[in-house]
Amino acid sequence: MPGTSRVEIRTLKVGRYCCVDDEAYKILSISKSKPGKHGSAKARIEMSNIFSGQKKSHVGTVTDNIQVPIIEKGSATVTHIEGDDVHAMDSKSYAMMVLPVDPEMNIEAGQEIQWMEALGRFKITRDH
């Protein structure tokens, strides 16, 4: 899958990110069991979708590979708001971006925001 890399489940940590079913998730908790008589150690990962907040769990052996999204973060200045889209200018590259509006945040033109991108989807993470 583009925009991801593969790692073993044993290397994951709480607060990091992983991909399951082509969706990006933040890891909330990891519990590992000891290997049994006829099997290897298992890991249960509790996670929350970055964009929708939906919770999900994943169970696999600690040696299984799992996708990890490549996450980009940055800041931008809001130029204007048009319907359900926030138009902003990136602070580093000065490129124009169109981000989905988050109804919980108080966003106004001229304000600086923090954004993140994973798997081609954008999210506003913080308003200043």
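The values are calculated or read from the model by the stated rules, or taken from the named source; none is laboratory data. Because the structure is a prediction, the values reported are computed rather than measured. Virtual Cβ from ideal backbone geometry, glycine too; neighbours counted across all protein chains shown.
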Got a number for residues in the stretch 106-128 being exposed (fewer than 14 other Cβ atoms within 10 Å of the Cβ) and over 20 Å from Lys26 (Cα atoms)? 6
For the stretch 95-105, enumerate the residues that are assigned to a strand (DSSP E or B) and surrounded by fewer than 11 Cβ atoms within 10 Å (Cβ to Cβ). Val98
Return a yes/no flag: does the stretch 22-32 have any residue that is more than 23 Å from Ser5 (Cβ to Cβ), exposed (fewer than 15 other Cβ atoms within 10 Å of the Cβ) and of a type in the set (Ser, Thr, Tyr). yes
Just the residues that are over 23 Å from Arg121 (Cα atoms) and out of contact with any Lys or Arg (no Cβ under 8 Å at 6 or more places or on another chain), please, taken from the stretch 46-71. Asp64
Would you check which residues across the stretch 106-128 are aliphatic (A, V, I, L, M) and not in a strand (DSSP E or B) and list them? Ile107, Ala109, Leu119
Test: Lys56 is out of contact with any His (no Cβ under 6 Å at 6 or more places or on another chain) and within 30 Å of Lys92 (Cβ to Cβ): no
Could you check, for the stretch 71-94, whether at least one of its residues is outside the structural domain of Ile45 (by TED's automatic domain parsing), farther than 16 Å from Asn49 by Cα, touching an Asp or Glu at 6+ places or on another chain (Cβ under 9 Å) and in a loop (DSSP other than H, G, I, E, B)? yes
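For Gly39, indicate whether it is closer than 19 Å to Arg126 by Cα, loosely packed, with under 14 Cβ neighbours inside 10 Å and either modelled with pLDDT under 90 or under 19 Å from the mean Cα position of the chain (by Cα) (or both). Step through it out loud before you land on a result.
Values: closer than 19 Å to Arg126 by Cα: no; loosely packed, with under 14 Cβ neighbours inside 10 Å: yes; either modelled with pLDDT under 90 or under 19 Å from the mean Cα position of the chain (by Cα) (or both): yes.
When the stated conditions are applied, Gly39 does not pass them.
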Do we have any residue at all in the stretch 51-58 that's over 21 Å from the mean Cα position of the chain (by Cα), surrounded by 14 or more Cβ atoms within 10 Å (Cβ to Cβ) and in contact (Cβ under 8 Å) with a residue 24 or more places away in the chain? no
